1. I'm trying to understand the selection: among the residues of the range 536-573, which are at pLDDT 90 or above and polar (S, T, N, Q)?
2. Condition test on residue 282, is it farther than 22 Å from residue 186 by Cβ and of a type in the set (Lys, Arg)?
3. Can you find, within the range 135-159, the residue that is farthest from residue 390 (Cα to Cα) among those that are assigned to a loop (DSSP other than H, G, I, E, B) and of a type in the set (A, V, I, L, M)?
4. Can you pull out every residue in the range 466-488 that is more than 25 Å from the chain's Cα centre (by Cα) and not basic (Lys, Arg)?
5. Pairs only if they're at least six apart or on different chains, beta carbon under 7 angstrom, first in the range 145-167 and more than 9 Å from residue 350 (Cβ to Cβ), second among the basic types (Lys, Arg) and not in a loop (DSSP other than H, G, I, E, B); list them, first residue then second.
6. Residue 346 - would you say it is over 27 Å from residue 420 (Cβ atoms), in a helix (DSSP H, G or I), aromatic (Phe, Trp, Tyr) and touching a residue at least 24 places away in the same chain (Cβ under 8 Å)?
7. Got a sec? Which of 534, 593 is touching a residue at least 24 places away in the same chain (Cβ under 8 Å) and under 29 Å from the mean Cα position of the chain (by Cα)?
8. Could you please give the count of residues in the range 591-618 that are at pLDDT 90 or above, of a type outside the set (Phe, Trp, Tyr) and surrounded by 12 or more Cβ atoms within 10 Å (Cβ to Cβ)?
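The values are calculated or read from the model by the stated rules, or taken from the named source; none is laboratory data. Here the structure is a predicted model, which means the values were calculated and not measured. Quick reminder, even Gly has a Cβ in these numbers, built from the backbone with ideal geometry, and neighbours come from all protein chains shown.
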Amino acid sequence: MTVITNIDLKAEKEKAEKFVQQMGTRVLVCAGTGCVANGSMEVYKRFQDLGANVALKHEKYTAVKTGCHGFCERGVLVVIPDKHVTYVKVKAEDVDEIVEKHLVNNEIVERLLYIEPATGKSIKKNEEINFYAKQDRTSLINCGKLNPEDVNEYIANGGYEALNKILDQNIPEQVCQEITESGLRGRGGGGFPTGKKWNFVRIAEDNKKYIICNGDEGDPGAFMDRSIMEGDPHKVLEGMAISAYAVGADEGYIYVRAEYPLAVQRLRIAIGQAEERGLLGKNILGKDFSFTVHIKEGAGAFVCGEETALIVSIEGERGMPKSKPPFPANKGLFGKPTLINNVETFANIPLIISKGAKWFRGFGTETSTGTKTFALTGEVNNTGLIEVPMGTTLRKIIFDIGGGIRNNGKFKAVQIGGPSGGCLTEEYLDIPLDYDSLIKAGAMVGSGGLVVLNEDTCMVEMARFFMNFIQNESCGKCVPCRDGTKNILKILEKIVAGKAVLTDIDLLAELSLAIKDGSLCGLGKTAPNPVLSTLKHFRDEYMAHIVEKRCPAGACQALKKIIIEKELCKGCSKCARQCPVNAIEGKVKEPFTIDQEKCIKCGACIDICPFKAISIRS
């Protein structure tokens, strides 16, 4: 590999802009993990094949594979920015029509446009689709707009200008000050002031320091960091390099779970391209500053999202948290001062440096500045990856960006902050989503997971689901988390099975508080949050399960009853002969009955009954 030294970034940008212009009309095909799973690479290849063989009447076009566009509900997405159109749910067999009608004859393919659920109106422009129009994308600004595997496209969009700026104009202390003034707080969940953390590492006295980018992202349903790594890897690298200059580090690691193969692949490509251009490695941009980046693939342990466990994992040991102090800023990776931020935090850095702290403070609230990405999932019409100013309300996210509850259902709650977060009910729809307001409400921003729940969701089962995940992911180092989560899970399983007693509710609360107080790391201290928040807002559902042996949402299988309607039963005995546990009794030509103690609720009797006399009741 030939490495460019003394790179002229201005000249490189001019060449990169010319390179992009020569593409002609750009056809942006989403190639994030979600769309790839839906066949986007076949769509991309078909565009490529036709572009090489079809003589267009007016202009050349180039198919460009991009990162995640965010609108996962509608993938595969194809955006033609020059034509101001977005096509949704595109398949490989649709490509010929798009090329022939739209790119050749400038006719919109109406059937592939997005249709607004509320109005039934088809919309062609991104900026007119509520999902996009109601967002403010900063860390995601390039995702879906450029080829993440080509550094030229990043440079053409102003890439590495922020790094060049600080190397030319600033001393490390000034860089830390700019980040402090921006008010940026860590986007990995804790919300610790980023500038303050940087300063701790900067003033630490040692001749060796490290930067770590935490891309572990273990929350179920969360894919914010993955999408940034896949869609804009150079921005993450540039953010890491700026931080390295600011704190005096010369080496960094990106810790990525091995379940993110596409992110790993694109990061490796980006690192190689950046090193070749003199944007990483020795004497970056011809200056007296060197910084190398390595990738560490993790085994997918949720606990490795905790910074001390992550450090231990990079060092080659089993990922288990350590007591603090000492903090990583003083004694981190290999015993050296270490700065750890997550992917989204680093992705914000280049824009803060380029546009200034005041610009960043123009988004969000006084104490929670900037924007935040959220993975919007669950019972909402428009699921996907979004970015909004801190302080945006749940109502705007769910009903404007998300398009409301599916099938005109009723909103029940939203689980925010992943398995360690809490649930918020209808009364919280208008509170601002910022660090302080959510803590007061008994929840947390966390990494940014938002799971929307409707009236058919059993909140006790939801708490059991998340507790099962947490218990499986507990590293087992400390007793409160290891044994406490196991015992909470047992109680929740008893409740959803209809076998609990009233004293179990008091025991749940007591165990939860003990785990919060006694656990070693953040995973354990926040583990009981789903239980505590559902007990607070949905205690009546717990009571119904225990006292009435009934699931109000009709979701818990063990509490459902299979009933034979006497008026409809003809006494044919088919159900009794079909039952695998002999739970159905009766005489031929008389109504049969089901012994609820024996019934295993397999549903075989329902399927065999010719008179539709058997049904499930909650």
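1. Within the range 536-573, just 573 meets the criteria.
2. Values: farther than 22 Å from residue 186 by Cβ: yes; of a type in the set (Lys, Arg): yes.
For residue 282, the condition - farther than 22 Å from residue 186 by Cβ and of a type in the set (Lys, Arg) - is met.
3. Going through the range 135-159, the residues assigned to a loop (DSSP other than H, G, I, E, B) turn out to be 135-150, 157-159.
Subsequent filtering for residues that are of a type in the set (A, V, I, L, M) retains 140-141, 146.
On the way: 140: 15, 141: 16, 146: 26 Å.
The selected residue is 146.
4. To start, the set of residues in the range 466-488 that are more than 25 Å from the chain's Cα centre (by Cα) comprises 476-480, 482-484, 486-488.
Result: 476, 478, 479, 480, 483, 484, 487, 488.
5. These pairs meet every condition: 147/65; 148/266; 149/266; 155/13; 156/13.
6. Details: over 27 Å from residue 420 (Cβ atoms): no; in a helix (DSSP H, G or I): yes; aromatic (Phe, Trp, Tyr): yes; touching a residue at least 24 places away in the same chain (Cβ under 8 Å): yes.
No: the conditions fail for residue 346.
7. On the way: 593 fails: under 29 Å from the mean Cα position of the chain (by Cα).
Testing whether each residue is touching a residue at least 24 places away in the same chain (Cβ under 8 Å) and under 29 Å from the mean Cα position of the chain (by Cα) leaves just 534.
8. 11
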